[in-house]
Amino acid sequence: MPRTSSFVFPGVVLAISLAVPNEQNAQITVVLPTRTRGMMKERHVEVAILGAGTAGLSAYNEVRKVTDNFVLINGGPGGTTCARVGCMPSKVLIQIANDFHRRHALEKEGIRGGEHLRIDQRIVLQHVRSLRDTFVQGVLKTVDALGDRMIHGYARFRKPTVLEVEQQLIHATAVFICVRRHSRNGQTSRICRSS
């Protein structure tokens with residue numbers, strides 16, 4: 001029978017249970033109880049934008065034209081899916097493939113030697129990664145400049161216009177939900193809706 005011990009430290013909302021089935025194997029379980037409202041910082045903003053991808057950054061560009069009282073909340077990796085792994089790197093690769101394919105038309109244009117061109121995959125992929133990193137850095141620079149208006153974390157709705165994220169309660173007049181939606185068949189679509 002495994003031994004179980006629980007430890008609760010004063011002032012810390014944390015419970016740890018240690019189960020030792022045998023002396024060689026130990027399991028540690030950490031349980032974080034639901035936070036209480038009194039422990040959270042509260043903020044009031046005109047607009048909360050959920051998602052810092054392509055749709056969220058488009059919403060941010062429009063919102064900042066009318067107010068500085070907003071937050072941008074992003075729970076996933078920064079840099080937008082499009083810039084990191086989506087359309088931007090793939091378009092660079094497609095352009096390289098199109099450039100290579102044009103070698104067949106060069107002779108007609110008076111350019112000799114096209115038949116001797118070849119692809120160096122290692123260099124091609126280095127070029128794609130380099131441009132991808134440039135795209136992502138541009139996005140990250142934009143969101144980093146927001147300071148405390150950029151919140152990294154996953155938001156949870158407490159009420160239609162109250163969000164909990166990273167030990168903050170965000171009270172917003174309007175919430176824009178700008179996230180990528182995954183369907184059961186594996187296809188994704190971008191949505192951006194406001195409350």
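The values are calculated or read from the model by the stated rules, or taken from the named source; none is laboratory data. Note that the structure is predicted; figures quoted are calculated from it, not measured. Ideal geometry is used to build each Cβ from the backbone, glycine not excepted, and the neighbour counts take in all protein chains shown.
Find the residue count for region 52-110, including only residues that are in a loop (DSSP other than H, G, I, E, B) and under 24 Å from ILE170 (Cβ atoms). Matching residues across region 52-110 total 14. What pairs come out if I take residues in region 71-99 that are over 16 Å from ALA52 (Cβ atoms) and pair them with residues that are in a loop (DSSP other than H, G, I, E, B) whose C-beta lies under 9 Å away, six or more apart or interchain? Here the result reads ILE96/ILE119; ALA97/ILE119, each pair linking region 71-99 to a residue that is in a loop (DSSP other than H, G, I, E, B).
Would you check if there is a residue in region 93-110 being within 27 Å of GLU46 (Cβ to Cβ), among the aromatic types (Phe, Trp, Tyr) and out of contact with any Pro (no Cβ under 8 Å at 6 or more places or on another chain)? No, every residue in region 93-110 fails to be within 27 Å of GLU46 (Cβ to Cβ), among the aromatic types (Phe, Trp, Tyr) and out of contact with any Pro (no Cβ under 8 Å at 6 or more places or on another chain).
Quick one: would you say LEU106 is modelled with pLDDT under 95 and over 18 Å from the mean Cα position of the chain (by Cα)? Yes.
Taken as a whole, region 76-86 holds no residue that is buried (at least 22 other Cβ atoms within 10 Å of the Cβ), closer than 18 Å to GLU164 by Cα and modelled with pLDDT under 95.
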